[in-house]
Amino acid sequence: MTELKSIAVYCGSNSGLHEEYAHQAYMLGMFLAGQGTGIICGGGKVGLMNCVADGALDNGGEVTGVIPGFLNRTELAHEGLTQMIVVATMHERKYRMSLMSQAFIALPGGYGTMDELFEIVTWAQLGLHRKPVGLLNTNGFFNPLLDFIATMTKEGFLKEEHRDMLLVSDNVPELYELLKGYQPVATGKWI
Ligand code: AMP
């Protein structure tokens, strides 16, 4: 079992059209606070990012934001976080977030979230880290993506063992257990 001291949460800077997105994001923050697991996030006070952070902070949890200087403005940055680390670039942000976390969870989001998700799972595929990556499939949001990932596998662009690196659940405690119990693939893509 992996000890999950901190989890990086990637999620939308919008809240989505259904209330369930914001609700489950808040519940994730609350749940992680209850587990004593810190949250590493992008540091924004917008969209689902804000909901996850508030869910944790309202319930005694710790949230660290890693924000690039150009986004560190009062109307965008969450001022109530436990700690805010200001970095120079988006690349530095993603790298710092990856080093500070024992696992990663993606929630529904747009381009930014998908960029973060696919970068971190690509690094896992290459054997650059061995940490678990989870999808919180609120409202079946990721089902079309999972279908596309099935196509990648069927068409010979993705190995089954790399497909299976993504841990998926629509239930927060269940996803947390999947992350804790993850057994990393032993080797990188070419080894
Ligand atoms: P998206 O999924 O396209 O909404 O983008 C979400 C990602 O955009 C976040 O994970 C951040 O990398 C970035 N982002 C957008 N707005 C902000 C903000 N106000 N503060 C921090 N990061 C932000």
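Could you work out the relative contact order of the range 47-147? I mean the mean sequence separation of Cα pairs under 8 Å and 6+ apart, divided by the number of residues, in percent.
The normalised contact order for the range 47-147 reaches 21 percent.
Of the chain, which part is the longest with no chymotrypsin sites (Phe, Trp or Tyr not before Pro) in a loop (DSSP not H, G, I, E, B) and with at most 13 other C-beta atoms within 10 angstrom?
The segment 1-156 is the longest one with no such site.
Is the shape of the range 8-94 best called rounded, prolate or oblate, per the rule: a/c under 1.5 gives rounded, else a/b larger than b/c gives prolate, else oblate, with a ≥ b ≥ c the square roots of the Cα gyration tensor eigenvalues?
Since a/c reaches 1.5 but b/c is at least a/b, the shape of the range 8-94 is classed as oblate.
Can you tell me how much longer the chain between residue 163 and residue 178 gets when fully stretched, taken as 0.36 nm per residue apart minus their C-alpha distance, in nm with one decimal?
Length gained between residue 163 and residue 178: 3.9 nm.
Quick one: of the DSSP bridges fully inside the chain, what percent are antiparallel, nearest 5? Display every interim value, and only then the final one.
Working: 1 of 23 bridges.
For the chain, the DSSP antiparallel bridge percentage is about 5.
Could you tally up the Lys pairs in the chain with alpha carbons closer than 14 Å? Skip any pair fewer than 8 positions apart unless they're on separate chains.
4
For Cα pairs less than 8 Å apart in space and 6+ apart in sequence, what is the mean separation divided by the residue count of the chain, i.e. the relative contact order in percent? Intermediate values should be presented prior to the final figure.
On the way: 372 pairs, mean separation 43.8, N = 191.
So the answer I get is 23 percent.
Give me D for the chain in µm² s⁻¹, whole number, from Stokes-Einstein with Rh from the Kirkwood sum over alpha-carbon pairs, 20 °C and 1.002 mPa s.
129
Quick one: pull the percent of accessible area on the chain belonging to carbon and sulfur, 1.4 Å probe, ligands and nucleic acids left out.
Here carbon and sulfur together make up 54 percent of the probe-accessible area.
Please give, to one decimal in nm, the separation of the simple spin-label points placed at residue 150 and residue 2, each 7 Å out from Cα toward the Cβ.
Taking the two extended label points, one gets 2.6 nm.
How high is the relative contact order of the range 1-98, in percent, with contacts defined as C-alpha pairs under 8 Å that are six or more residues apart? Let's see the in-between values first.
Numbers: 192 pairs, mean separation 25.9, N = 98.
Relative contact order comes out at 26 percent.
Which whole-number value in Å² is the accessible area per residue of the range 1-116, probe 1.4 Å?
Per residue, the range 1-116 has an accessible area of 47 Å².
With θ set to phi - 60° and the Karplus curve 6.51 cos²θ - 1.76 cosθ + 1.60, what are the ³J(HN,Hα) couplings of the range 136-146 in order, to the nearest whole Hz, using x for Gly and Pro?
So the J values, rounded to whole Hz, are 8, 8, 4, 6, x, 3, 8, 4, x, 5, 5.
At 0.36 nm per residue, minus the direct Cα-Cα distance, what do residue 84 and residue 96 gain on full extension? Give it in nm, one decimal, please.
Contour length minus the Cα-Cα distance gives 3.1 nm.
For the chain, with a Gaussian network of springs between Cα atoms less than 10 Å apart, report the residue from 38, 80, 109 with the top mean-square fluctuation.
80
At most 15 other C-beta atoms within 10 Å and a DSSP loop state: those are the exposed trypsin sites (Lys or Arg not before Pro) I care about. Give me the longest piece of the chain that has none. Mind showing how you got there, number by number?
Values: sites that count: 5, 73, 130, 159, 189.
For trypsin sites (Lys or Arg not before Pro) (loop position, at most 15 other Cβ atoms within 10 Å), the longest site-free span of the chain is 6-72.
Looking at the range 38-96, send over the antiparallel percent of its DSSP beta bridges, to the nearest 5.
Here the share of antiparallel DSSP bridges comes out near 10 percent.
Counting each DSSP H run of 4 or more residues in the chain as -39500 (n - 2.57), what helix-only mean residue ellipticity at 222 nm follows after dividing by all residues, to the nearest 500 deg cm²/dmol?
Values: 7 runs with 79 residues, N = 191.
Helix contribution divided over all residues of the chain: -12500 deg cm²/dmol.
Tell me which residues come under 5 Å, amide H to amide H, from residue 85 once H is placed; ignore anything under 5 positions away on its chain.
65, 66, 67
Check which residues have an amide H placed less than 5 Å from residue 106's amide H, if you skip close sequence neighbours.
The answer is 10, 134, 135, 136.
The values are calculated or read from the model by the stated rules, or taken from the named source; none is laboratory data. Please read these numbers as outputs of a predicted model, since none were measured by experiment. When we count neighbours, we look across all protein chains shown, and the Cβ atoms used for this are built from the backbone with ideal geometry, even at glycine. Side chains are part of the model used for accessible areas, which takes the heavy atoms of the whole protein and leaves out ligands, DNA and RNA. Shrake-Rupley method; radii C 1.70, N 1.55, O 1.52, S 1.80 Å.
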